[in-house]
Amino acid sequence: MKLKRNERIGALVKILCDDPNEIFTLSHFTDRFNVAKSTISEDIVVAKKLMHDLRLGKIETITGASGGVKYVSMT
């Protein structure tokens, strides 16, 4: 099933928020949504900005071999 960009971003935010501080690899999302890493990276940038602008928490990216992305709650 091919998801639209806004659907992917919504799902990405939901997945991250359901497990705060859990690091998810980009491969987790590329496999789940069947898209390229560059596409997921762009989606993460949008989600990061959205969460920051609305003060809903923070999405952090971790670089390196064991890197990925995680959600950090503001509370």
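The values are calculated or read from the model by the stated rules, or taken from the named source; none is laboratory data. Quick caveat: nothing in here was measured; it's all calculated off a predicted structure. FYI the Cβ positions are ideal-geometry reconstructions off the backbone, even for glycines, and counts take in every protein chain you see.
Just a few scattered comments:
- Qualifying positions in the stretch 22-61 - within 12 Å of the chain's Cα centre (by Cα) and outside any helix (DSSP H, G or I): Glu22, Ile23, Phe24, Thr25, Lys58, Ile59, Glu60, Thr61
- If you go through the stretch 1-17 and pick out every residue that is farther than 13 Å from Ile59 by Cβ and in a helix (DSSP H, G or I), you end up with 6.
- Of all the residues in the stretch 1-44, those that are surrounded by 13 or more Cβ atoms within 10 Å (Cβ to Cβ), farther than 15 Å from Val72 by Cα and not aromatic (Phe, Trp, Tyr) number 16.
- Test set (1) in a strand (DSSP E or B); (2) free of Cβ contacts under 8 Å to residues at least 40 places away in the same chain - Tyr71 fails condition number: (2)
- Residue list for the stretch 59-75, filter: among the polar types (S, T, N, Q) and surrounded by 12 or more Cβ atoms within 10 Å (Cβ to Cβ): Thr61
- Unique match (being at positive phi and modelled with pLDDT under 95) among Gly57, Gly64: Gly64
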